[in-house]
Protein chains: 4
Amino acid sequence: MMLRLIAGATILLALAGHVAAQETPSSAQGRLRVRDLGVKIGVYQPGPLNAITDVAGVRVGQVTLVEADDVRTGVTAILPHDGNMLQDRVAAAVHAYNAFGKLVGATQVNELGELETPVLLTNTLSVWDAARALAEWMLGLPGNQDVRSVNPVVGETNDGWLSDIRGMHVKAAHVIRALDSARGGPVWRELHGLTSEPQASAGRHGSCMIVVATDAPLDSRQLGRLAKRAVLGMARAGSSGSNGSSDYAIAFSTTSRSSPQRFTAGTPSLSRLSEEELSPLFEAAIEATEEAIDNSILRATTVHGRDGHVVPAIPIDRVREVMKKYGR
Amino acid sequence: MMLRLIAGATILLALAGHVAAQETPSSAQGRLRVRDLGVKIGVYQPGPLNAITDVAGVRVGQVTLVEADDVRTGVTAILPHDGNMLQDRVAAAVHAYNAFGKLVGATQVNELGELETPVLLTNTLSVWDAARALAEWMLGLPGNQDVRSVNPVVGETNDGWLSDIRGMHVKAAHVIRALDSARGGPVWRELHGLTSEPQASAGRHGSCMIVVATDAPLDSRQLGRLAKRAVLGMARAGSSGSNGSSDYAIAFSTTSRSSPQRFTAGTPSLSRLSEEELSPLFEAAIEATEEAIDNSILRATTVHGRDGHVVPAIPIDRVREVMKKYGR
Amino acid sequence: MMLRLIAGATILLALAGHVAAQETPSSAQGRLRVRDLGVKIGVYQPGPLNAITDVAGVRVGQVTLVEADDVRTGVTAILPHDGNMLQDRVAAAVHAYNAFGKLVGATQVNELGELETPVLLTNTLSVWDAARALAEWMLGLPGNQDVRSVNPVVGETNDGWLSDIRGMHVKAAHVIRALDSARGGPVWRELHGLTSEPQASAGRHGSCMIVVATDAPLDSRQLGRLAKRAVLGMARAGSSGSNGSSDYAIAFSTTSRSSPQRFTAGTPSLSRLSEEELSPLFEAAIEATEEAIDNSILRATTVHGRDGHVVPAIPIDRVREVMKKYGR
Amino acid sequence: MMLRLIAGATILLALAGHVAAQETPSSAQGRLRVRDLGVKIGVYQPGPLNAITDVAGVRVGQVTLVEADDVRTGVTAILPHDGNMLQDRVAAAVHAYNAFGKLVGATQVNELGELETPVLLTNTLSVWDAARALAEWMLGLPGNQDVRSVNPVVGETNDGWLSDIRGMHVKAAHVIRALDSARGGPVWRELHGLTSEPQASAGRHGSCMIVVATDAPLDSRQLGRLAKRAVLGMARAGSSGSNGSSDYAIAFSTTSRSSPQRFTAGTPSLSRLSEEELSPLFEAAIEATEEAIDNSILRATTVHGRDGHVVPAIPIDRVREVMKKYGR
């Protein structure tokens, strides 16, 4: 998770939590972020937490499943604000860079230019159960008793190398817990989204689902431009958007809100940044994405999964050596 | 469901089955199709069944739920061929005309230009359960035991005016039954997709999910052009693509197939119609869509649903009167 | 050109002027509009002029070229307002329904969500000369002396059946004259866009470039939805979007404006209709498009062109007969 | 210009020639490519020329204009093959990453999935003159005497910092000369596309128009995926796709060809790579783009332009120092 402050606008990112099992508060102790190694990615300053929760009002919840020797998965919930999102929506846009993936709800987000639910991230084969659980959670909120349509948004990456993904182990209860336990402040468990499949066996599959939060007043078209830049950050971190990768970015603005008429009265008036002001936000989104991916790689611990498969943590000492060799 | 024959190419359509409860073999007796009234839509000749199953190999299955006084829903399965679709895919494309809707799987279909599962149609709030059930059904097919990713495609329309849609009554068992019972030949229960909500209360909400099947050798780009034309047929039948409507079209070709390398060897060679040959197919797709919608309206019977809501059948006698008045 | 009034919002349309030569003030005398035949298309009321100039501030200019026996072409200019459009832009969106066509400037309109020049309509092979002339005209406006980029928008239809289109007879002077002579009020020469090529020889090629103007406060995403509906009106008027057709719609709002920072100060604040309010505008756009096309067909006079080619006017008496037969 | 060989498939790139004046055979003497500095970008091997002309049949022509003290512009022509492209088209796709630009012809390329003309690159305000000249050149080819529609493709970058861009100095004669003089083999004058505007005054505006050529048999959808990857190479070379930048990529395949029916008989049969084979091509496109941009920066010489503006060459000695510092 990354953060950048630009002239009062904040951009933050979360990556998909499909190998959430890799990191627990205990196991991640001693793991470093890229800035701990003395490396600054780009030119913008992160916020105090260097986390998506630096954007005022954004909360994150996460449930990690480590069961037996073959369940290594989880679900992450990102809530743009505290309210009822069906009644108080945030402007949003999806960029389907490499749509070899299952982003539930993508098309409606772009048609209406808004998010009407939190965003969930989970494993590839659990997106439908997660979407169903999120839909039910939304329908159950006070004031939604007459709602008969809702568009849950659920992204994914594939953790099937380590986990019994065919078992669809993420259940409704896990989703509800992730949503209900979401909070601001430091988010202890890093969110990450690099595929756990070793390169040797699977090519450079680097699936990534990126969530960009900002408090800059942007409309959906501008957020679509911003989401596109997140992909450039992936490229700088090494991604080539390989065929089997699933690479989406979704961006939302906590200050561009709208309410359907049935929930409110009056004509909405919106403020919006001028197009010329976007360039620094674009750069920040790129930098934040690159740093989020770097941190995910650095902080991930060794995970043993199904069938004896192992995804080793990156050896920090070796990283330091390479950095030294190249003068960093 | 409609059919057209053009120079050896067949185009067929299915509409979403969200008010499937309206029609049962018994209740629909006596209900007419538009051609029974002496009206020919357009210039092309339908096939022998005037049904999507006129395209060789295409099968349709349907489960209708009529329970208590408030469950009026169902699920329809459209299978492009008899085989394992993960291993033997059909070229396909989605046109998201009015993406105020929940078409699960849409983005991957367009990225890869293919369908790797059958297509399901159900109610708005059952798409995730249906997608999950379809995914499990696919994973369980012989030869798919090592598959760890699949892209189920599920469209929807909203039957919440008549049915307790919030109850999510379409279960996995219903989906499996629709898939397993699918067959060719005459399809007794019409598929239809006009919203059941009366115009007076809800405006002209005419959600529509259109499935176009053809045996013409078209690639995914060409199928995208074809899917776009289906929307023109909606317009001729009266749709204005109102804000709350959900209007998607998906087109596939049973003769443009591809197999992932892991399932086969060699480089695929494809034949494809020349672009100049597409115009008659475009017209046929428009005509078939219009006729499918007309038939859905004509054949639907009166349905009583939740909270005393009623969607009356169209009065055929009055239709005949109007037609007579206008010289038809 | 058509007009509809909906709750204070006005939608108007222009079609491409490629067979502008068909109609002159004199020759069109006696030609009727569809309402003169007693037919009302749809349910909404047109404005006082039933012309795109009913939208306050919109002006139209047109130059028709009828030279020798083989020049039958022209250029139409549609100006959203009186000001310098580079400094005072209108929200806009392009829908490329059937992009077998040469709409210059389309991609930038959608990226930035705005028009920064008037819109021109001309013949297929004159779009580049027209775009160049429009660019020069813009660069020459007071206040633009330092401008080094501009995005002229020029649509087209193909009048090559009647006219020596390869001769590229529309010159910069014609474009400038169309721009400079543009005015509001009744626009005497109808704009029309149906291909002049007879169906017998060329299939149902019905190229259409539709311009939708509204004074409703819509942002570019909403205008994109509106532009899509114009295509439904084409369908109702008979179009099938044949392969060789070029079918684009562009919609703009005269009340959603923005200025680049270099020309102004402060953060723009925008009002925008709620999504639920769009449905009547969608219907109006459909109806207006259908009526505009019908009028174009009705009002066009017989034109003799190159190589003895003739496009006959539609026989009004025969139209009346058919209408009578069908009870209208 | 770059080249990569992958399993018999070749990917090559050209960047826009808008500061072509920077490099002449004489002035560029002594200027280095990145490999001359001992740096290898990525893992794939370039072809013998490390130029887009390594793809068999591709030819490049270029005309550079250096006149007085304020004309610094030019035009580049990239010809996919020797034949009549209207009759023998190559599969192609455009990716409009940042469509703040004037890519003439973009929408039709994606609708039909093919290029029917060579590709031109020139300055922002000369695209329409260039498109017109290219259209006339095509209409004049043997066999095209009855053609009444053609879709020239012309990309651009903005050289207005150095050059009197408002003067529109690229004339039809220059375009024709670039087309007629195109040849294979070593292409002496590098093509490049980085904006000449210094960062200090203008932010990081790095407009880029990328042309990707390959002899791999890819259809237009696959070429669209390939074009998207080129943008990742831009990111690695430092681009952030700033607001004012114009970033498009166009990819074509010299071995995926089609002919309109009027020019040929029979149904085309196409071979096409399997989707799983695309990943190495994606990586190659990224690497080639990055290297092409690096080379453009390295080989550009100091240029003095209008109003005393200067774009200095990158100091190679300083580059060596930085490289040494970072262990390269």
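The values are calculated or read from the model by the stated rules, or taken from the named source; none is laboratory data. Given the structure is predicted, the values throughout are model-derived calculations rather than measurements. A quick note on method: Cβ atoms are made from the backbone with ideal geometry, for glycine too, and the neighbour counts reach across all protein chains shown. Ligands, DNA and RNA are stripped out before the accessible areas are found, and what is left, the full protein with its side chains, is counted by its heavy atoms. Shrake-Rupley method; radii C 1.70, N 1.55, O 1.52, S 1.80 Å.
Quick one: net charge of B:ALA135's neighbours, Cβ under 14 Å, K/R +1, D/E -1? Kindly include the intermediate steps, with their values, before the conclusion.
On the way: positive: A:LYS102, A:ARG132, A:ARG166, B:ARG132, B:ARG148; negative: A:ASP129, A:GLU156, B:GLU116, B:ASP129, B:GLU136.
Net of charged neighbours comes to 0.
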So who's got an amide H within less than 5 Å of the one on D:ASN243, skipping anything under 5 residues away but keeping other chains? H placed 1.01 Å off N, in plane. A:SER279
Give me the percent relative contact order of region A:202-328, please, defined on Cα pairs under 8 angstrom at least 6 residues apart. 29 percent
As a check on your reading of the symmetry: which chain A residue has its Cβ nearest the axis that brings A onto B, and how far is it in Å? A:TRP128, 2
Going residue by residue through region C:156-165, the Karplus relation 6.51 cos²θ - 1.76 cosθ + 1.60 with θ = phi - 60° gives ³J(HN,Hα) values, rounded to whole Hz and with x marking Gly or Pro, of 7, 9, 9, 9, x, 6, 9, 10, 6, 5
Can you work out ³J(HN,Hα) from phi for every residue in region D:229-245, in order, using Karplus 6.51 cos²θ - 1.76 cosθ + 1.60 and θ = phi - 60°, giving whole Hz and x for Gly and Pro? 5, 4, 5, 5, x, 4, 4, 5, 7, x, 5, 10, x, 4, 3, x, 6
Zone of A:SER271's modelled label, taken as backbone nitrogen in region C:212-228 under 11 Å from a point 7 Å along Cα→Cβ: none
Ranked output for segments C:52-58, A:99-105 by mean other Cβ atoms within 10 Å, highest leading, reads A:99-105, C:52-58
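To the nearest 100 Å², how much accessible surface do chains D and B cover up together, summed over both, with a 1.4 Å probe?
Values: alone 14020 and 14070 Å², together 26060 Å².
For D against B, buried area totals roughly 2000 Å².
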Per the 1/(1 + (r/R0)^6) rule, R0 = 35 Å and r from the Cβ atoms of A:TYR326 and C:ARG262, FRET efficiency to 0.05 is 0.25
Around C:ALA56 (Cβ within 12 Å, Cβ-to-Cβ, excluding C:ALA56; K/R +1, D/E -1) the net charge comes to -2
Could you point to the residue in A:PRO80, A:TYR97, A:GLN108 farthest towards the positive end of region A:70-144's charge dipole, with +1 and -1 charges on the Cβ of Lys/Arg and Asp/Glu respectively? A:TYR97
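Taking the Cβ of D:VAL39 as the center, what net charge do the other residues with Cβ under 11 Å away carry, scoring Lys and Arg +1 and Asp and Glu -1?
Taking every Cβ under 11 Å from that of D:VAL39, the sum is +1.
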Looking at region C:218-244, residues buried by 40 Å² or more relative to their chain on its own, accessible surface at probe 1.4 Å, turn out to be C:ARG221, C:ARG225, C:LYS228, C:ARG229, C:LEU232, C:ALA235, C:ARG236, C:SER240, C:ASN243
Under the definition of partner shielding as Cβ atoms of other protein chains within 10 Å of a residue Cβ, what is the mean value for peptide B:276-287? 4
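Hey, got the dipole for region C:22-139? About the Cα centre, +1 on K and R Cβ, -1 on D and E Cβ, debye to the nearest 20?
Using Cβ point charges on Lys, Arg, Asp and Glu, region C:22-139 gives about 440 debye.
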Can you return the aspartates and glutamates within cross-link range of C:LYS325? Criterion is Cα-Cα under 19 Å, with same-chain partners fewer than 8 residues away left out. B:GLU321, C:ASP36, C:ASP294, C:ASP317
Any chance you could get the radius of gyration and Dmax over the Cα atoms of region B:39-175, in Å? 16.2, 52
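Filter the cross-link list A:LYS324/D:LYS40; C:LYS228/D:LYS102; B:LYS228/D:LYS171 down to pairs whose alpha-carbon distance in this structure exceeds 28 Å. Each step should come with its number before you reach the end.
Working: A:LYS324/D:LYS40 20 Å; C:LYS228/D:LYS102 23 Å; B:LYS228/D:LYS171 40 Å.
Beyond 28 Å: B:LYS228/D:LYS171.
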Simple spin-label estimate for A:LYS40/C:VAL43, 7 Å along Cα→Cβ, in nm, reads 6.3 nm
Under a plain spin-label model, where a point goes 7 Å from the Cα along Cα-to-Cβ, how far apart in nm are A:SER181 and C:GLN145? 6.7 nm
Cα-based shape type of region A:34-105, given that a ≥ b ≥ c are square roots of the gyration tensor eigenvalues and the cut on a/c is 1.5: rounded
With point charges of +1 on the Cβ of Lys and Arg and -1 on the Cβ of Asp and Glu, referenced to the Cα centre of region A:232-307, which listed residue (A:SER256, A:MET234, A:LEU273) lies farthest in the positive direction of the dipole? A:SER256
Placing +1 at every Lys and Arg Cβ and -1 at every Asp and Glu Cβ, with all other atoms neutral, what dipole size does region C:214-324 have around its Cα centre, in debye to the nearest 20? 300 debye
